[in-house]
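K.L.:
Take a look at this one; I'll ask things after.
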Amino acid sequence: MGTNNAGSVMKLVIAALGGTFLAVIGAAGSGTDANRGRELFERRCTGCHALDQVKAAPRLRGVFGRAAAQDEQFPYSDALKKARVTWDETTLDKWLADPDSLVPETDMSFRLDNAAERADIIAYLKRLANK
């Protein structure tokens with residue numbers, strides 16, 4: 001009985017260590033990368049957006065933490081003007097994944113299916129919030 005008990009304890013310790021290892025690996029893999037986000041932004045977003053000038057879409061420097069439809073130089077859709085949205089990790093993620101799911105009848109049709117890419121772009125926009 002003592003040997004079986006020691007074996008059971010050892011199995012529990014190994015299972016716990018394995019779970020901790022997997023949790024650490026998972027956390028490291030889920031981190032965002034603002035530098036990669038800058039590269040993705042340049043590749044995916046600059047066809048319509050710029051950081052400091054209005055193009056086919058509003059400028060995006062300082063968008064993180066700001067209420068939607070606040071750039072006076074851009075003609076936003078009525079739907080976005082009426083929406084009570086503040087751009088943060090959650091709202092930007094929903095917006096980039098499917099704009100109409102956050103604000104129905106909006107003008108933006110672009111969708112970014114890759115969650116990791118969205119997270120990196122959001123990290124980049126967040127880093128620019130105070131610049």
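Bear in mind that the values in this text are calculations on the coordinates, not laboratory data. These numbers come from a predicted model, not from an experiment. All Cβ positions, even for glycine, are placed from backbone atoms using ideal geometry, and neighbour counts span all protein chains on display.
K.L.:
What is the packing order of peptides 56-67, 108-119, taking the mean over residues of other C-beta atoms within 10 Å and listing the highest first? Walk me through the numbers on the way to the answer.
P.N.:
Numbers: 56-67: 16.4, 108-119: 14.7.
Sorting 56-67, 108-119 by mean packing, highest first, produces 56-67, 108-119.
K.L.:
State the three equivalent ellipsoid semi-axes of segment 33-127, derived from the C-alpha gyration tensor as the square roots of 5 times its eigenvalues, in descending order and whole Å.
P.N.:
On the way: eigenvalues 74, 44, 30 Å².
Gyration-tensor ellipsoid for segment 33-127: 19, 15, 12 Å.
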